[in-house]
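Asks: Here it is, the structure, as structure tokens.
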Amino acid sequence: MSKADVSTTELDAFYAAVADAELQPLWTQGRSLQPFAPAPSTRVHLWEGAAVRRLAEESGRLIGIDQGGDRRVLSLANPGLGGAPFATSTLWGAVQYLGPHESAPAHRHSQAALRFVLEGSGTWTTVNGDACDMNPGDLVLTPAWTWHDHTNGGDEPMIWFDGLDMPLVNMLDAQFFERFGSTLQEAEGRNLSATAFGAPGDGFADEARPPSDEEEWSPLFVYRWERTDAELSRRLAAAGDGVAELDFVSPRTGRAVLPTLGCHMVRLAPGSSTPTRRKVGSSVYVVWSGEGRSVIGGTELTWRAGDFFCSPSWAYVEHQAASPSDLFELSDRPALEALHLFRQEVTSDRQPVTSRLSS
Ligand code: GTQ
């Protein structure tokens, strides 16, 4: 409401002059600029693994790697983001398909990336000269501005999940991209970082230490599934409640694997559930094994191995397994922690289910 003695004509002229001057009043914006709590556009969504895999295979048959983007990739596109090719407002999640004896050329970008391998063998990603073998369940890092190319030296197609901080880096207008001089890097060696830094028991923690001033990425580029599996089994045996969780961390610092991206894994025994939690920042989940359900912001998702789903910022999340299950979670948590924007809450209450999505 305007002041009592101001006429409508005077006000109309004022608002027109404000708009002409490329100005906008705060008082007409409503709460949308400063909501009391995060109000994300990202929607709770599930992508059925079988359908994604089928289309990835079809892309292998129909599309060449030279058709653009240097990679044969289908991105998970969240229906709340107005057609943007992003899984959440801050995260790129995608499946990459590399046919037998194909390679994807070397490049580097400011956006940090990681891979969680879904199926195939005989493939490696060369990261700054280190040819890192990729096998199902392995987590492979290509930190910001590291050269990387992918080669499938085997006779089977290879499919993996890609996670990047693409929307975040682009929103900050911080993205650079460069092509390598030749198609592939000359490898200086094989699995060098894994040999130097991949000691048994290293690279996992309850919770990654938040980034500090001397932040840097993990010197270990590959977290082998055998080690992750063994660590989860050890934790599950020690846990009383059928829930084992771990953060993937730098073996050098105990911090998150990358400055912007966090990796977490949950193993659930049949019938067990995680606590109900909410945190600032979004996540993309890969159902590595099992079947179960999650309730995210009141929406129930039923999932099985191979599915992908996402959670928006500040939505309550709980997972429940029907059979032995492993969930890989990619999040933007380290970026939020570095900016001192991270918060989380845990409650013992279960959420009421208000809608359902199923694969
Ligand atoms: O492998 O470098 O999913 O540059 C999207 C962009 C993967 C990659 C993606 C990329 C890559």
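The numbers here are math on the coordinates, done by the rules we state, and not lab data. If you're wondering where the values come from, they're calculated on a predicted model, not measured in any experiment. Note that we place each Cβ from the backbone using ideal geometry, even for glycine, and neighbour counts take in every protein chain shown.
Asks: Fewest to most neighbouring Cβ within 10 Å: what's the order for His340, His319?
Replies: In increasing order of surrounding Cβ atoms, one gets His340, His319.
Asks: Given a 10 angstrom Cα cut-off, can you work out which residue in Asp247, Asp173, Asp326 is the most mobile in a GNM of the chain?
Replies: It is Asp173.
Asks: Just to confirm my numbers, what's the Cα centroid distance between the range 3-23 and the range 261-322 in Å?
Replies: Computed from Cα coordinates, the inter-centre distance equals 50 Å.
Asks: What's the percent breakdown of Cα-Cα distances in the range 181-321 across 10 Å bins, shortest bin first?
Replies: Pair shares across the bins are 11, 34, 34, 16, 4, 0.
Asks: Over the chain, what is the relative contact order in whole percent, taking alpha-carbon pairs under 8 Å and six or more residues apart?
Replies: Value for the chain: 16 percent.
Asks: Quick check on the chain: helices-only [θ] at 222 nm, where DSSP H runs of length 4 and up contribute -39,500 (n - 2.57) each and the sum goes over total residues. Nearest 500, please.
Replies: Result for the chain: -5000 deg cm²/dmol, rounded to the nearest 500.
Asks: Which loop trypsin sites (Lys or Arg not before Pro) in the range 1-57, with loop taken from DSSP, have no more than 16 other Cβ atoms within 10 angstrom of their Cβ?
Replies: Answer in residue order: Lys3, Arg31.
Asks: Using a Förster radius of 41 Å, what is the FRET efficiency between Phe342 and Thr8 based on their Cβ-Cβ separation? Nearest 0.05, please.
Replies: Plugging the Cβ-Cβ distance into 1/(1 + (r/R0)^6) gives 0.30.
Asks: Also, quick follow-up: Mind running the shape call on the chain? Use the C-alpha gyration tensor, a ≥ b ≥ c as the square roots of the eigenvalues: rounded below 1.5 for a/c, prolate if a/b tops b/c, oblate otherwise.
Replies: Note, shape of the chain comes out prolate.
Asks: Let me ask you something else. If I take every Cα pair under 8 Å that is 6 or more residues apart in the range 267-355, average their sequence separation and divide by the length, what percent do I get for the relative contact order?
Replies: Relative contact order here is 43 percent.
Asks: Classify the range 1-122 from the C-alpha gyration tensor, please: rounded if a/c falls under 1.5, else prolate or oblate depending on whether a/b exceeds b/c.
Replies: prolate
Asks: For each of Ser121, Ser59, count neighbouring Cβ atoms within 10 Å of the residue's Cβ, then give the residues from fewest to most.
Replies: On the way: Ser121 15, Ser59 18.
If I rank by nearby Cβ atoms, fewest first, I get Ser121, Ser59.
Asks: Now for a different question. Looking at the chain as a GNM with Cα springs under 10 Å, which of Ala51, Ala187, Ala37 has the largest mean-square fluctuation?
Replies: Maximum fluctuation in the GNM of the chain, among the listed residues, is at Ala37.
Asks: Could you pull out the chymotrypsin sites (Phe, Trp or Tyr not before Pro) across the range 1-46 that fall in loop regions by DSSP (anything but H, G, I, E, B) with no more than 10 other Cβ atoms inside 10 Å?
Replies: Details: sites: Phe14, Tyr15, Trp27, Phe36; in loops: Trp27, Phe36.
Answer in residue order: Trp27, Phe36.
Asks: Looking only at GluC sites (Glu not before Pro) in DSSP loops with at most 12 other Cβ atoms within 10 Å, what is the longest site-free stretch of the chain? Intermediate values should be presented prior to the final figure.
Replies: Values: sites that count: Glu22, Glu186, Glu188, Glu214.
Formally, the longest exposed-site-free interval is 23-185.
Asks: Give the relative contact order (percent, whole number) for the range 53-132; include only Cα pairs under 8 Å separated by 6+ residues. Kindly include the intermediate steps, with their values, before the conclusion.
Replies: On the way: 69 pairs, mean separation 17.5, N = 80.
Averaging sequence separation for qualifying contacts and normalising by length gives 22 percent for the range 53-132.
Asks: Among the trypsin sites (Lys or Arg not before Pro) in the range 319-356, which ones are in a DSSP loop with at most 15 other Cβ atoms within 10 Å of the Cβ? Mind listing them?
Replies: Qualifying residues, ordered by number: Arg343, Arg350.
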